[in-house]
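Following: one structure in structure tokens, then a few remarks.
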Amino acid sequence: MVLIFLRSLIFNVVFYLNTVLWCVIGLPTYLMPRGGIIWVAKTWSKTSVWLFTLICNVKVEYRGLDRIPEGPLLVASKHQSAWETFALMPFFDEPLFILKRELTRIPFFGWYLVKAQMIALNRKAGGRALLEMMRRARDEVRRGRQLIIFPEGTRRPVGAPPDYKVGVSQIYVSCGVTCLPVALNSGLFWPRHRFLRYPGTLVVEFLEPIPAGLARDEFTARVSSVIETASNRFAQEGRDEQERLMGFSAS
């Protein structure tokens, strides 16, 4: 555990230093088209994932890369950790996120979110804000972007009962594009609300795309079923590996 603590400490310090570095490198992109800051964000993501694997003794295994469609897309991912909020970006040409408006007020980092034309949601504004968010999501996706959403809305502990929100089906119907489900077990290695980062094999799988045109209830049932089935399988694989490595499960 002492080694895990030391690795976690080093990684957390280096992760934030790396973030500051890329915020500085990205300054010229304020005068460039959106593609400039998207490139910076993807590069920051790649270096952050690399540092995580190097320092914390984590292997990342990507499965189903050949299933990623080109063009407009809705990406629905399991959400267990902060890891997937940045690690999925490099796999898509024009990644798009819906995020709370408060994040856009963070100096530099928040300004980059605005420059990248992410969708900021004012949670206090009620139904009108949700309608505007839905309209912007539809318009941006139909322009060719890939909207990455977390159907449960917030990070869920590994093994917690699923809690899929109705918003994901509304966005799916509104956008009218293919949905790519994503399963993972990141919460075993970068748990929410914890300082420690644990070793092992982090698995991400891009599952079979779900075509546009399904009814809301049918879509919700299908996307939740495939994501939960695969994520639960990966969680068990990860627990078994951690027990072999350390004699305990990080979940």
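Conditions tested, residue by residue: (1) at pLDDT 95 or above; (2) out of contact with any helix residue (DSSP H, G or I) (no Cβ under 9 Å at 6 or more places or on another chain).
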residue	(1), (2)
Glu102	no, no
Ala116	no, no
Ile119	no, no
Gly127	no, yes
Ile148	yes, no
Cys179	yes, no
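Please indicate, with yes or no, whether at least one residue in segment 58-75 is crowded, with 21+ Cβ neighbours inside 10 Å, over 15 Å from the mean Cα position of the chain (by Cα) and not polar (S, T, N, Q).
Checked segment 58-75: at least one residue is crowded, with 21+ Cβ neighbours inside 10 Å, over 15 Å from the mean Cα position of the chain (by Cα) and not polar (S, T, N, Q).
Would you check if there is a residue in segment 107-115 being of a type in the set (A, V, I, L, M, F, W, C), under 17 Å from Ile149 (Cβ atoms) and not in a helix (DSSP H, G or I)?
There is no residue in segment 107-115 that is of a type in the set (A, V, I, L, M, F, W, C), under 17 Å from Ile149 (Cβ atoms) and not in a helix (DSSP H, G or I).
Based on this model, can you work out whether Leu103 counts as part of a helix (DSSP H, G or I), over 19 Å from Pro33 (Cα atoms) and touching a residue at least 12 places away in the same chain (Cβ under 8 Å)?
Answer is yes for this residue.
Which strands (runs of 3 or more DSSP E) sit wholly inside segment 143-251 and have at least 3 residues that are under 16 Å from the mean Cα position of the chain (by Cα) and under 16 Å from Ser81 (Cβ atoms)?
179-184, 200-206
Looking at (1) buried (at least 19 other Cβ atoms within 10 Å of the Cβ); (2) outside any loop (DSSP other than H, G, I, E, B), which is the one condition that is false for Gln80?
Gln80 satisfies all of (1) buried (at least 19 other Cβ atoms within 10 Å of the Cβ); (2) outside any loop (DSSP other than H, G, I, E, B) except (2).
Restricting to segment 29-57, count the residues that are of a type outside the set (Val, Ile, Thr) and either under 30 Å from Met246 (Cα atoms) or within 15 Å of the chain's Cα centre (by Cα) (or both).
12
Just to be sure before I move on: is Thr29 out of contact with any strand residue (DSSP E or B) (no Cβ under 7 Å at 6 or more places or on another chain), more than 26 Å from Asn232 (Cα to Cα) and among the hydroxyl-bearing types (Ser, Thr, Tyr) in the structure I sent?
yes
Within segment 154-176, track down each residue that is without any contact (Cβ under 8 Å) to a residue 40 or more places away in the chain and surrounded by 13 or more Cβ atoms within 10 Å (Cβ to Cβ).
Of everything in segment 154-176, those that are without any contact (Cβ under 8 Å) to a residue 40 or more places away in the chain and surrounded by 13 or more Cβ atoms within 10 Å (Cβ to Cβ) turn out to be Lys165, Gly167, Gly176.
Does Phe150 satisfy being surrounded by fewer than 21 Cβ atoms within 10 Å (Cβ to Cβ), in contact (Cβ under 8 Å) with a residue 12 or more places away in the chain and among the hydrophobic types (A, V, I, L, M, F, W, C)?
When the stated conditions are applied, Phe150 does not pass them.
Met133 is checked against (1) on the phi > 0 side of the Ramachandran plot; (2) under 20 Å from the mean Cα position of the chain (by Cα); (3) without any contact (Cβ under 8 Å) to a residue 40 or more places away in the chain and fails just one. What number does that condition carry?
If we test Met133 against (1) on the phi > 0 side of the Ramachandran plot; (2) under 20 Å from the mean Cα position of the chain (by Cα); (3) without any contact (Cβ under 8 Å) to a residue 40 or more places away in the chain, just (1) comes out false.
The values are calculated or read from the model by the stated rules, or taken from the named source; none is laboratory data. Note that the structure is predicted; figures quoted are calculated from it, not measured. Please note: Cβ atoms are built from the backbone with ideal geometry, for glycine as well, and neighbour counts cover all protein chains shown.
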